[in-house]
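Have a look at the structure below, then the notes.
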Amino acid sequence: MNNSVSISDILDIIIEKLNNEGKVIFTPKGSSMRPLLSGENSVVIEKISRRLKKNDIPFIFIKKTNSFIIHRVIKVEKNGLYVTCGDNNIQKEYNISDNDILGIVTGYYKNGKLKSFNSYGYKIYCFYINAIRPLRTLYHKIFDFLKNRG
């Protein structure tokens with residue numbers, strides 16, 4: 001039995017649950033937030049009532065591609081827009097506004113146990129993932145260059 005559905009098929013349910021109950025839990029697909037989040041981990045998304053800050057993980061609706069992403073805020077621009085990027089990605093999303101954000105990931109379930117983003121270990125993880133981002137970008141550029149030469 002396959003319990004998998006498209007997120008766009010249940011968007012109205014997610015929004016209704018966020019508005020009425022303040023949170024929703026589901027298991028996203030994809031690898032963009034690995035190693036922190038994988039297809040085995042359910043995420044807790046809560047309704048947000050504040051501006052985001054660096055390292056927050058919003059649940060975002062991208063209008064131009066009609067898709068949804070869960071990526072980390074890596075920068076808050078002076079004009080109030082956000083720059084996001086998956087922990088396992090090098091491609092950044094620019095011009096994310098508060099209107100694009102449906103909720104914020106506040107934790108995840110791993111092996112049935114809730115993991116919070118308030119822990120000291122998570123803060124170390126955020127420091128690490130932000131520190132290696134430029135190296136990951138350089139690695140991909142070198143790899144692409146060598147691949148295209150051969």
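Is the stretch 111-118 home to any residue that is touching a residue at least 12 places away in the same chain (Cβ under 8 Å), in contact with a Pro (Cβ under 9 Å, 6 or more places away or on another chain) and surrounded by 15 or more Cβ atoms within 10 Å (Cβ to Cβ)? No, the stretch 111-118 contains no residue that is touching a residue at least 12 places away in the same chain (Cβ under 8 Å), in contact with a Pro (Cβ under 9 Å, 6 or more places away or on another chain) and surrounded by 15 or more Cβ atoms within 10 Å (Cβ to Cβ).
Does residue 52 satisfy the condition of being on the phi < 0 side of the Ramachandran plot, in contact with a Leu (Cβ under 7 Å, 6 or more places away or on another chain) and surrounded by 17 or more Cβ atoms within 10 Å (Cβ to Cβ)? Let's see the steps before the verdict.
Numbers: on the phi < 0 side of the Ramachandran plot: yes; in contact with a Leu (Cβ under 7 Å, 6 or more places away or on another chain): no; surrounded by 17 or more Cβ atoms within 10 Å (Cβ to Cβ): yes.
So residue 52 does not fit the description; no.
To keep it simple, each residue is scored yes or no on (1) over 24 Å from residue 125 (Cα atoms); (2) among the polar types (S, T, N, Q); (3) touching a Cys at 6+ places or on another chain (Cβ under 9 Å); (4) modelled with pLDDT of 90 or more.
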{"residue": "6", "(1), (2), (3), (4)": "yes, yes, no, no"}
{"residue": "12", "(1), (2), (3), (4)": "yes, no, no, no"}
{"residue": "17", "(1), (2), (3), (4)": "yes, no, no, yes"}
{"residue": "22", "(1), (2), (3), (4)": "yes, no, no, yes"}
{"residue": "53", "(1), (2), (3), (4)": "no, no, no, yes"}
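Residue selection: residue 86 satisfies the criterion of being surrounded by 15 or more Cβ atoms within 10 Å (Cβ to Cβ), in contact (Cβ under 8 Å) with a residue 24 or more places away in the chain, in contact with a Ser or Thr (Cβ under 8 Å, 6 or more places away or on another chain) and among the small types (Gly, Ala, Ser).
Among the residues of the stretch 12-49, those that are closer than 14 Å to residue 108 by Cβ, surrounded by fewer than 17 Cβ atoms within 10 Å (Cβ to Cβ) and of a type in the set (A, V, I, L, M, F, W, C) comprise 25, 26. Restrict the check to the stretch 26-36 and report whether at least one residue is in contact with a Pro (Cβ under 9 Å, 6 or more places away or on another chain) and on the phi < 0 side of the Ramachandran plot. The answer is no; no qualifying residue exists. The criterion of being among the aliphatic types (A, V, I, L, M), surrounded by 18 or more Cβ atoms within 10 Å (Cβ to Cβ), under 22 Å from residue 133 (Cα atoms) and in contact (Cβ under 8 Å) with a residue 24 or more places away in the chain holds for residue 60. Out of the residues in the stretch 89-101 meeting the condition of being touching a strand residue (DSSP E or B) at 6+ places or on another chain (Cβ under 6 Å) and among the β-branched types (Val, Ile, Thr), tell me which one is surrounded by the fewest Cβ atoms within 10 Å (Cβ to Cβ). Applying the filter and picking the extreme gives 101.
The values are calculated or read from the model by the stated rules, or taken from the named source; none is laboratory data. Everything numeric here is computed off the predicted structure, so don't read it as measured data. Backbone-built Cβ (ideal geometry, glycine too); neighbour counts: all protein chains shown.
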